[in-house]
Amino acid sequence: MKPNARIASILPPLLPLLVTMGVFEIAVRSGWVPSYLIPAPTEVFRSLIDDRVELATAAWTTLSSALVGLLLSFSAGTLFAIALSTSDLARRAFYPYAVFFQTVPIIAIAPLLVIWFGFGQPTVIASAAIVSVFPIIASTLLGLKSTEPALVDLFALYSATTRQILYMLKIPFALPQIFSGLRIASGLAVVGAIVGEFIGGGGLGSIVDSARTQQRIDRVFAAVLISALLGVVLVGAVNFVSALALGSWHTSERKTS
Amino acid sequence: MNSDLHPGQRKSGAAVVCEGIARAFTGTGLVLDHITFQIQPGEFVALLGPSGSGKSSLLRLTAGLDRADEGRLAIDAGQEAVSRGFVFQEPTLIPWRNVLRNTTLPLELQGWNIDRARTRAEEELRRVRLADFAARYPHELSGGMKMRTSVARALITRPNLLLLDEPFAALDEPTRHALQQQLREIWAALGMTVLFVTHSISEAVFLADRVIVLSPRPARILLDSAINLPPARAAPLRTSLNYIQEMSHISAAVPNPEANA
């Protein structure tokens, strides 16, 4: 990408951010907005610099918990969806519980996770996995059920085994939907990890919680900003893998000239 | 009947016996109304009928992709095992496989070594004049190229029964004519039995040595007629008197949809 083109692609999302930050800076400095509600952006940056070591350590803890949680939800969710796709009876029997599971608020079951897994990272990982599993199940199942019937006929014509149909046709065909679910799940895994850290301790969630009680609103904003960046990093990683896997053939990843 | 056919038609074709085949579907009711016909090894037969008449249903039964409610359908390849190739209405190519890997797919499913399968696929791609496009992905191909890939894939197992379900219907006329001629040449070279479903009278007459005309649903056989044209079919044939007479003969048996409107 040429430098001019790079600037042109960055400028549209950057401009509203800079304008909003400028407005808030003026609003807080002029006393129109009390600084205990919204900090001046420069205060947030000061906190980011002053507390950089603590924030970086916490960010790594949160990211690693979110990643492990995402890997767990991806493995379990994909296997569960494959199992459901093989039988209408299994789907009718178990899918409603997956939907029900999704509707239970994580903040309500987080204390239970502490009882089961104790304080610390296992609870945080479990929280991240629980929050992020449903989009993976739903998207993978949709993808596996959307295989073109004529292609299934083609495989049947050559007496393909169930395993061949699954690995050579259904899973590759479902990849665009699987990546779509993974994109949603990767953002949710960070949310789940932060919520888990509120209760289980550690990471950015813990910093947000303690800064809140200390009225360090600038620190809360700094931690929130970093947690949002973690979500962006995870979604970016999924996008990268998706482009590698689908770039040669799927419309969603094909480069247009 | 085989002895009446030209020397290209021979050896490796399968015989098809279809006796009193009936098939009904929920919602549409009876689709095939006790169809009976036989196809000799190496014959090129066109199954002609209006849209929705049940031609494709009959082809799916012959392919083993569906089961009849009544009747008997037998395929006999003599000493050889029955091997079917199927060309669908759409090219049905796998989008993440290039032309070569789409062509090797049937052999991969049958457990062939990939290098052997590639060698065979290259041969089939040369046959359908796609050897230079082996590395291309389906989205990089024209409609005609996609369909030629589909034909190469159907041929790779060296089937003794080739089934085609209106494969050229969506193509422009020059491409369709070129592919019809190519298919005829392939059949002459390989000698498999061909059952070709179409709703086009001109296509049926140009391609086949025998045309079976089906009625609107529920399908019954209205006409089963040999086509008396020379075995080598090329573009000039389309304007010949014989061709036009054969088309008129078949056309007279095809029901006019306006008559029932």
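Since every read-out is calculated from the coordinates, none of them should be taken as a lab result. These figures come from a predicted structure and were not determined experimentally. Counting neighbours? That spans all protein chains shown, and the Cβs are built from the backbone with ideal geometry, glycine included.
So the values come out like this:
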read-out	value
Signed unit charges on C-beta, dipole axis of the protein assembly as shown, positive-most listed residue B:128, A:147, B:58	B:128
Peptides B:97-103, A:143-149 ordered by average Cβ neighbours within 10 Å, highest first	B:97-103, A:143-149
Chain A: angle of helix A:3-29 to the longest principal axis, Cα-based, in degrees nearest 10	40 degrees
Value at 222 nm in deg cm²/dmol, rounded to 500, when DSSP H runs of n ≥ 4 in chain B each add -39,500 (n - 2.57)	-10500 deg cm²/dmol
Exercise: per-residue mean of other protein chain Cβ atoms within 10 Å, B:104-114	3
Cα-based Lys pair tally, the protein assembly as shown, threshold under 24 Å, eight or more apart or on separate chains	5
Dipole of the protein assembly as shown, positive direction: furthest Cα of A:133, A:237, A:108, with charges on the beta-carbon	A:237
Placed amide H near residue B:46: partners under 5 Å, 5+ positions off or other chain	B:196, B:209, B:210, B:211, B:212
Distance in nm between pseudo-label sites at residue B:112 and residue B:36 (7 Å out along the Cβ direction from Cα)	4.0 nm
Simple Cβ-charge dipole of chain B, Lys/Arg +1 and Asp/Glu -1, about Cα centre, in debye nearest 20	620 debye
Student exercise, the protein assembly as shown dipole from Lys, Arg, Asp, Glu Cβ charges, in Debye to nearest 20	680 debye
Loop sites in the stretch A:211-257: trypsin sites (Lys or Arg not before Pro), DSSP, at most 16 other Cβ within 10 Å	A:254, A:255
Computed E for residue B:234/residue A:112 - FRET, C-beta separation, R0 51 angstrom, nearest 0.05	0.05
Helix-only mean residue ellipticity at 222 nm for chain A, each DSSP H run of n ≥ 4 adding -39500 (n - 2.57), per residue, nearest 500	-27500 deg cm²/dmol
C-alpha long axis of helix B:241-253 to longest principal axis of chain B, angle in °	60 degrees
Projected label distance in nm at residue A:64 and residue A:29, using a 7 Å step from Cα toward the beta-carbon	4.1 nm
Intensity falloff of the stretch A:47-110 expressed as log10 I(q)/I(0), Debye formula with alpha-carbon point scatterers, at q = 0.14 Å⁻¹	-0.63
Pairwise centroid distance, computed over Cα atoms, of the stretch B:116-140 with the stretch B:28-49, Å	32 Å
Computed E for residue B:132/residue A:251 - FRET, C-beta separation, R0 25 angstrom, nearest 0.05	0.50
Ratio of Rg to Rh over the stretch B:93-157 (Cα coordinates, Kirkwood Rh, two decimals)	0.92
Rounded to 5, the percent of DSSP beta bridges in the protein assembly as shown classed as antiparallel	50 percent
Relative contact order for chain B, counting Cα pairs under 8 Å that sit 6 or more residues apart, in percent	27 percent
Global geometry of the protein assembly as shown, whether rounded, prolate or oblate, following the gyration tensor of its Cα atoms and the 1.5 cut on a/c	prolate
Inter-site label distance for residue B:158 and residue A:10 at 7 Å from Cα along Cβ, in nm	6.2 nm
Nearest 10 degrees, 0 to 90: helix B:143-155 Cα axis against chain B principal axis	90 degrees
